[in-house]
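Participant: Okay, here's the structure, questions in a sec.
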Amino acid sequence: MGNQAGVLKCSMSGWGRFPVEECESVRPERYRDLTASAGRQIARGQGRSYGDAALGKRVILTERVNRLLAFDAVAGVLRAEAGVTLAEVLAAIMPHGWFLPVTPGTQWASLGGCVAADVHGKNHHHDGTFGQHVLELEMILADASRVTCSATKNQALFWATIGGMGLTGIIGEVNLKLRRIGSSYLRVRHHPAKNLAQTFALFGDPGLDDQYSVAWIDCLAGGKQLGRSILMCAHHAAPEELPAALQGSAAVGTSRSVAFDLAAAVLNPLTIQLFNAVYYHRQGNKRAPYFAHYDHYFYPLDRIADWNRLYGKRGFVQYQCVVPEAGALTAVSALLQTVSQSRRPSFLAVLKRLGVQNAALLSFPLAGYTLALDIPMRDRGVFDLLRTLDAIVLQHGGRVYLAKDAVLTPQTFRAMYPRYRDWQRIKQAVDPAHGFESSLSRRLGMGYA
Amino acid sequence: MRKVVLILGATSAIARAAAGEFAEQGYDVYLAGRDAEELARIAADLAIRYRIKAGWGIFAAESLSDHGRFFAQAISNMGEMDGVVLAMGYLGDPIAARNFDTGGAEVILINFTAAASILGHCANYLEARKQGFIIGIGSVAGDRGRQSNYTYGAAKGALALYLQGLRNRLYDSGVRVITVKPGFVDTAMTYGMPGLFLVATPQYVGRRIVTALHKSADVIYVPNFWRYIMWIIRLIPEPVFKRLKL
Ligand SMILES: Cc1cc2nc3c(=O)[nH]c(=O)nc-3n(C[C@H](O)[C@H](O)[C@H](O)COP(=O)(O)OP(=O)(O)OC[C@H]3O[C@@H](n4cnc5c(N)ncnc54)[C@H](O)[C@@H]3O)c2cc1C
Ligand SMILES: NC(=O)c1ccc[n+]([C@@H]2O[C@H](COP(=O)([O-])OP(=O)(O)OC[C@H]3O[C@@H](n4cnc5c(N)ncnc54)[C@H](OP(=O)(O)O)[C@@H]3O)[C@@H](O)[C@H]2O)c1
């Protein structure tokens, strides 16, 4: 009650369901209405960031400003409004033999969210981030003006917006270069590793490398088996690579709607432990290459309805950090040990090798290894654990991913993102009155010295 | 031969969902409304997602004398028309709409007079072709007058009567006329409004609009339970009803 017409007061959270905040929301349906008003506001895509990045005093829901505007099926270029989901983009482009140049592990993120967080995928070591495939953006700035920017036009705004967490303005339209694919299947190979050192060795082995790679870590294995993992490498299968059974109609790119395999309700610490053990042995025993449909390979979690509820009402934090190549083994083993000693079951632990840092000033990836862990918000002790992890990361010259963060402090953030000062100068120039402010930016004092 | 559907009020979220459902079934679409920028965006979107032809044209409901020309232009753009969805509507401010000089006239004009006017042109065309359909979006608000929004309700109620008459007239020529009565739908019209309950998504309403074509019901409530809610509401004797704060 007490809502003004067109403004809805509601409680909101990110994907981790922590923190939960009371926000005002507006939901434009027309492109013209996707605009800034006086006061503080932040754009929101699909709320797939885990923490407080898409929360604020006033949240602008972009979900209905989601039209595909132009698609060049020959050149592989798509122009769309930023609110559209990756799933919808895939449904339109796959039949023409095109795929996303970079995809996060969920197809329920919006284009705008992928730009604002400069998301990375399992191919980062080869293809860089999402932002590096963006040809042009149309931005709606704090003064409600529209400007286009790209790597050659308004570059400063462009590289401050990519990875800029919605703080430079509203991303209205995205012009994206797509990737050619020969089929909707991936050729996948699994390589089991008995411990962390072996995992790193597998990542470093050029003979095993492929377009996509990621290691799933059995985070319940400790001691000598700490960091035991399965490295999963893959590439888009060429039609002639596919076994006869998958050729023909399936070889043409097709998307399909997502089916839910599992209800989150069946997951608890015990089943998670069982799952991890079973998964390690089952997947680890798959020594021969196999073919996986893209939605199984890229979006396994999308198949579990509401899996983010499995950690209960208090939610969880997904802790994702990256540490530079040198010292990465020490850092990651310290991180894993710290978490394992804290006795908090994590459903998911993923390790990935990242390639070089790009020109986007607040972009997360840097050459090294990134570790992602789910940590349930069971009690206040979690904060101490996270501070300890932050210290390890910082000590090794690494950083924490803002799209997943809910607890960093202004000081640690500044130490982790050395190019913040340059970013802040651009923010100051395009949004001097701090019209774009999220709970994340307020917590970290982003936009201020 | 491809089929073509005309969508009046195409910028509404319900209309957009319905257009998507039609497009998915292989229909080409012609989108009508006042907002050129939006119509162009929605048309591009439908054409890319469903690989259909999506045309659009400016349609200002209040210019009644222009409706004939508009309809002829839609036909000449698309070659033919197999059916029409009337989604245009205007809620306005219910208090202001109590009086005609502060908005009531517009509510009646858009929801009823203009709707009847453009549907008249569509009916003549489809009657001559001896096939096709007209789907009109009314509202549960048109089932019984209530103090909270009776001007809008009266216009929607009148629209339902008009559609009923058309259905009777067009029966012999094989043209289907379907009345759709949604309850609350989560659109720009209702966003942030207090007192909403049992709110349906526009996607759901859009799907029901298209599936209605394959079923026999002439009047559908969306979701279905509104049929029973409105049945009970209509059953309440007037001497009791007039005392209620609804
Ligand atoms: C299961 C799962 C797997 C994931 N895997 C990965 C992964 O592999 N790699 C990776 O990098 N990330 C990953 N993520 C994180 C996710 O991709 C990012 O958080 C992404 O930003 C989510 O997009 P969204 O549309 O939901 O954005 P939201 O969560 O709604 O918003 C995220 C940020 O983007 C900003 N934003 C959104 N839309 C706009 C806009 N139109 N204009 C301006 N700013 C905008 C918001 O202000 C906010 O700061 C994963 C998330 C989940 C749930
Ligand atoms: N939302 C609900 O809860 C609800 C419930 C029951 C029934 N309905 C009915 O469902 C239909 C769609 O509603 P909605 O909620 O999607 O509403 P909406 O977003 O307000 O859309 C209204 C549509 O009507 C068009 N329109 C309004 N005035 C016009 C005019 N003078 N000339 C031409 N077009 C005009 C608008 O086009 P422009 O782009 O030109 O503005 C727009 O496309 C309406 O008939 C409404 O009455 C809605």
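The values are calculated or read from the model by the stated rules, or taken from the named source; none is laboratory data. Fair warning: this is a prediction, and the values are worked out from it, not measured in the lab. Here Cβ is always computed from backbone atoms with ideal geometry, including for glycine, and neighbour counts include all displayed protein chains. Note: accessible area is taken over every heavy atom of the protein model, side chains too, but ligands, DNA and RNA are not part of it. Shrake-Rupley method; radii C 1.70, N 1.55, O 1.52, S 1.80 Å.
Participant: Let me check I've understood the local charge: for A:HIS124, count other residues with C-beta under 12 angstrom from its C-beta, Lys and Arg +1, Asp and Glu -1. What total comes out? Please report the intermediate quantities before stating the final value.
Facilitator: Numbers: positive: A:LYS122, A:LYS352, A:ARG353; negative: A:ASP118, A:ASP127.
Net of charged neighbours comes to +1.
Participant: Now a separate question. Give the accessible surface of region A:1-141 per residue, rounded to a whole number of Å², with probe radius 1.4 Å and ligands, DNA and RNA excluded.
Facilitator: Computed with neighbouring chains in place, this is 31 Å² per residue.
Participant: Once label points are set 7 Å from the Cα along Cα→Cβ at both A:GLN395 and A:THR148, what is their separation, rounded to one decimal in nm?
Facilitator: Computed distance between label sites A:GLN395 and A:THR148 equals 5.0 nm.
Participant: Then there's this: Which of these, A:THR412, A:THR152, A:THR129, has the largest mean-square fluctuation under a Gaussian network model of chain A (Cα springs below 10 Å)?
Facilitator: A:THR152
Participant: If you don't mind, there's one more thing I want to ask. By how many nm would the segment from B:ILE58 to B:GLN164 grow when fully extended, if each residue of separation counts as 0.36 nm and the alpha-carbon distance is taken off?
Facilitator: Full extension of this stretch gives 35.4 nm more.
Participant: Tell me, what is the percent relative contact order of region A:185-410, built from C-alpha pairs under 8 Å that lie six or more residues apart?
Facilitator: Computed value for region A:185-410: 24 percent relative contact order.
Participant: Then there's this: Non-local amide H neighbours of B:ALA200 (under 5 Å, H modeled in plane, Pro and chain starts lacking H): which ones?
Facilitator: The answer is B:PHE184, B:VAL185, B:ASP186.
Participant: Averaged across the residues of A:63-72, what count of C-beta atoms belonging to other chains lies within 10 Å of each residue's C-beta?
Facilitator: For this peptide, the per-residue mean of nearby foreign Cβ atoms is 4.
Participant: Distance between the C-alpha centers of region B:14-77 and region A:316-388? Whole Å please.
Facilitator: With region B:14-77 and region A:316-388 each reduced to a Cα centre, they are spaced 50 Å.
Participant: Now a separate question. With a 1.4 Å probe and all protein chains left in place, how much of the accessible area of region A:142-184 comes from carbon and sulfur atoms, in whole percent? Show your work: numbers first, answer last.
Facilitator: Values: 730 of 1410 Å².
Of the solvent-accessible surface of region A:142-184, carbon and sulfur hold 52 percent.
Participant: I need the shape label for region A:185-410. Rule: rounded when a/c is under 1.5, else prolate if a/b > b/c, else oblate, with a, b, c from the alpha carbon gyration tensor. Display every interim value, and only then the final one.
Facilitator: Numbers: a/c = 1.65, a/b = 1.36, b/c = 1.21.
Prolate is the answer for region A:185-410, as a/c is 1.5 or above and a/b outweighs b/c.
Participant: Right, something else. Which FRET efficiency value, to the nearest 0.05, is calculated for A:ALA156 and A:GLU22 with the Förster distance at 35 angstrom and r the Cβ-Cβ distance?
Facilitator: On the way: r = 35 Å, r/R0 = 1.00.
Computed FRET efficiency for A:ALA156 and A:GLU22 comes out at 0.50.
Participant: Still on this structure, I have one more. For the pair A and B, how large is the buried accessible area, both sides, in square angstrom to the nearest 100, if the probe is 1.4 Å?
Facilitator: 2200
Participant: Suppose R0 equals 45 Å. What FRET efficiency, 1/(1 + (r/R0)^6) with r the Cβ-Cβ distance, do A:ALA73 and A:ASP209 give to the nearest 0.05? Don't jump to the answer; show the numbers that get you there.
Facilitator: Numbers: r = 31 Å, r/R0 = 0.68.
Approximately 0.90, to the nearest 0.05.
Participant: Beyond a 22 Å Cα-Cα separation, which of these cross-linked pairs lie in this structure: A:LYS57/A:LYS427; A:LYS177/B:LYS53; B:LYS130/B:LYS215?
Facilitator: As for pairs spanning more than 22 Å Cα to Cα, those are A:LYS177/B:LYS53.
Participant: With the crude spin-label approximation of a point 7 Å out along Cα→Cβ, what separation in nm comes out for B:SER76 versus B:HIS214?
Facilitator: Placing both labels 7 Å beyond Cα along the Cβ direction yields 3.7 nm.
Participant: Follow-up. What ranking, highest mean first, results for peptides A:348-361, A:39-52, B:216-229 when packing means the other Cβ atoms within 10 Å averaged over each residue?
Facilitator: Highest to lowest by the protection proxy: A:39-52, A:348-361, B:216-229.
Participant: I need the calculated FRET efficiency for the pair B:THR190 and B:GLU37, taking r as the beta carbon distance and R₀ as 22 Å, to the nearest 0.05.
Facilitator: Efficiency, rounded to the nearest 0.05: 0.40.
Participant: Another question about this same structure. When ligands, DNA and RNA are left out and all protein chains stay put, how many square angstrom of accessible area per residue does region B:4-241 have with a 1.4 Å probe?
Facilitator: Working: 9790 Å² over 238 residues.
On a per-residue basis, region B:4-241 sits at 41 Å².
Participant: Another question, if that's okay. How large a share of the accessible area of region A:327-410, in percent, is made up of carbon and sulfur atoms when the probe is 1.4 Å and the other protein chains stay in place?
Facilitator: Values: 1510 of 2750 Å².
It is 55 percent, rounded to a whole number.
Participant: Only bridges whose two residues both fall in the protein assembly as shown count here: according to DSSP, what percent of them are antiparallel, nearest 5?
Facilitator: 65
Participant: Order these peptides, B:173-182, A:212-221, by their mean beta-carbon neighbour count within 10 angstrom, highest first.
Facilitator: Going from most to least packed, we get A:212-221, B:173-182.
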